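See structure below.
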Amino acid sequence: MPKGSEELTISRKEEIVNACAALYETMQFKDVTLKEIGAKTTFTRTSIYNYFQTKEEIFLALLQREHDAWNADLAELLQTEAPLSAAAFAGALALTLEKRACMLKLMSMNLYDMEANSRLENLVAFKASYGRGLGLIARCLKKFFPRMAEEDVQGFLYAFFPFLFGIYPYTTATEKQKEAMKLAQVEPARLSIREITSSLVCKLLQRFEGPAN
């Protein structure tokens, strides 16, 4: 780690992650290189190695930032005072994911590469953020659906979090994929991130509506 203030270190890491995020909007993961990322920063490309050893570590930091932003929205949802029906909670939860397309894309397409090529301390930091999301969802369920037993909460988590890995490819297709589906005479999915999430969550929670017995 280079000498300097903690603020400078945080600022430079954020600049690197911002550059990576900007490139990922128009480029595939495999095509984004440290050279490309470095070209979008205000310091030398070799300086990146003072903060990240691989491009996968940069992408993992981006994914962690996305999870942190999602966790902030989940924490805000948890503060809701009024009771929520299954449909209302499903809609609110779906709305938090609608803003996290980058997170869902990285999870569905590049998670193994990021984790395999990142140092353990970087991976631990990401897993901690991921774990906070699990905990916040569990707390929301216990608050808004008191009829759920502990095993019901765990059952929801085991269904919902694996589902996250499939949302992006199921709701987002390239022009090439659309053409292939057309030629194969396969009807493409016509649901948005928000719609598909809301539908699943509502179905999982409807039987738990109402006060605890």
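What follows draws every value from the coordinates through simple rules; no lab data is involved. Since the structure is predicted, the reported quantities are computational estimates derived from the model, not experimental observations. Backbone-built Cβ (ideal geometry, glycine too); neighbour counts: all protein chains shown.
Val201 falls short on exactly one of the conditions (1) more than 27 Å from Ala21 (Cα to Cα); (2) in a loop (DSSP other than H, G, I, E, B); (3) among the aliphatic types (A, V, I, L, M), and that condition is (2). For the condition in contact (Cβ under 8 Å) with a residue 12 or more places away in the chain, aliphatic (A, V, I, L, M) and in contact with a Lys or Arg (Cβ under 8 Å, 6 or more places away or on another chain), what is the one hit in Ala212, Ala138? So the residue among Ala212, Ala138 that is in contact (Cβ under 8 Å) with a residue 12 or more places away in the chain, aliphatic (A, V, I, L, M) and in contact with a Lys or Arg (Cβ under 8 Å, 6 or more places away or on another chain) is Ala212. I'd like to check something: does segment 183-194 contain any residue that is farther than 23 Å from Met109 by Cα and either outside any loop (DSSP other than H, G, I, E, B) or touching a Phe, Trp or Tyr at 6+ places or on another chain (Cβ under 6 Å) (or both)? Yes: one or more hits. The residue that is surrounded by the fewest Cβ atoms within 10 Å (Cβ to Cβ), counting only those in segment 56-105 that are among the small types (Gly, Ala, Ser) and part of a loop (DSSP other than H, G, I, E, B), is Ala82.
Confirm whether Leu123 is farther than 17 Å from Phe161 by Cβ, touching a residue at least 24 places away in the same chain (Cβ under 8 Å) and part of a helix (DSSP H, G or I). So Leu123 passes the test.
In segment 13-39, the residues that are in a loop (DSSP other than H, G, I, E, B) form Cβ pairs under 8 Å with partners that are basic (Lys, Arg), at six or more places apart or across chains, as follows: Val32/Lys55; Thr33/Lys55. Can you tell me which residue among Tyr49, Tyr24 is surrounded by fewer than 17 Cβ atoms within 10 Å (Cβ to Cβ) and more than 21 Å from Ala128 (Cα to Cα)? After ruling out the rest, the residue left standing is Tyr49.
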